[in-house]
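Inspection log for the structure reproduced underneath, given as structure tokens.
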Amino acid sequence: MFTGIIKDVGRIAGVIRRQGGLRLRVQFGNAAEFTNLSIDESVSINGVCQTVVALGDGWFEVDTVEETLSKTTLGSLQQGTLVNLERAVRPLDRLGGHFVLGHVDCAAVVQAVRELGASRELWIAFPDAFSPFIVSAGSITIDGISLTVAKLEAKLFAVAVIPFTFAHTTINELKAGSRVNLEFDILGKYVARQLGRTVSSATADSKIDEAWLREQGF
């Protein structure tokens, strides 16, 4: 479990292809944040939950499998690419963002990055299948960053990025055409799931038909 509050911007130090997957070596800059990092611990890399399988002085490695590569942008990472990093939340941490699982729903494309005074407005196109999971003023995770949906249109949404977030994450690297990882709010996904099931169940269990109406005198 993560919160979407980025703790460090790391750099890809190595990419090795292994039987359809990847071994990624990530170099981190904030040594204090990664004190006592251990093998088998979860780390969010651009919003993707990955398991540490090896580590050393200033770096750790993860194995990225085919399923993850098919749904995220990790397959396009190259040596030198900057990535957003967050360690798993501890029970006593402040929840500064929202509940983030690191289970990316899809990759999406940045349509525009607009300057609005000191802030930035980021417009992103997303697949229509995920429309039930996004609402205006709701939470969304972009490359691991917890942000708020400022504007919502059909297959398109915008977030406002404050100067601090712009300066301390990889959002400052994004431009029109960049691909990003999206994770929609888990609470919204569960609500949409339950509402869909309730509607379908009510329809399936309904006994109101023409014969029933005749029996009731209609």
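The values are calculated or read from the model by the stated rules, or taken from the named source; none is laboratory data. These figures come from a predicted structure and were not determined experimentally. Here Cβ is always computed from backbone atoms with ideal geometry, including for glycine, and neighbour counts include all displayed protein chains.
Looking at 167, 118, 108, which is the one that is more than 26 Å from residue 28 (Cα to Cα) and not hydroxyl-bearing (Ser, Thr, Tyr)? Criteria check complete, one pass: 118. The C-beta contact set for the stretch 127-144 (first residue within 22 Å of residue 84 (Cβ to Cβ) and touching a residue at least 40 places away in the same chain (Cβ under 8 Å), second residue assigned to a helix (DSSP H, G or I) and among the hydroxyl-bearing types (Ser, Thr, Tyr), distance under 8 angstrom, 6+ apart or interchain) comprises 143/170. Of the strands (runs of 3 or more DSSP E) lying entirely inside the stretch 82-137, those carrying at least 3 residues that are loosely packed, with under 14 Cβ neighbours inside 10 Å are 106-116. Scanning the stretch 138-181 for residues that are in a helix (DSSP H, G or I), in contact with a Leu (Cβ under 8 Å, 6 or more places away or on another chain) and not β-branched (Val, Ile, Thr) gives a single hit, 173. The set of residues in the stretch 177-206 that are loosely packed, with under 10 Cβ neighbours inside 10 Å and either touching a Phe, Trp or Tyr at 6+ places or on another chain (Cβ under 8 Å) or modelled with pLDDT of 55 or more (or both) contains only 177. List every residue pair whose Cβ atoms sit under 9 Å apart, with the two residues 6 or more apart in sequence or on different chains, where the first one lies in the stretch 171-193 and is under 19 Å from residue 99 (Cβ atoms) and touching a residue at least 12 places away in the same chain (Cβ under 8 Å) and the second, anywhere, is of a type in the set (Gly, Ala, Ser) and part of a strand (DSSP E or B). Sorted first by the residue in the stretch 171-193, then by its partner, the pairs are 181/107; 181/108; 182/107; 182/108; 184/139; 185/139; 187/139; 188/139.
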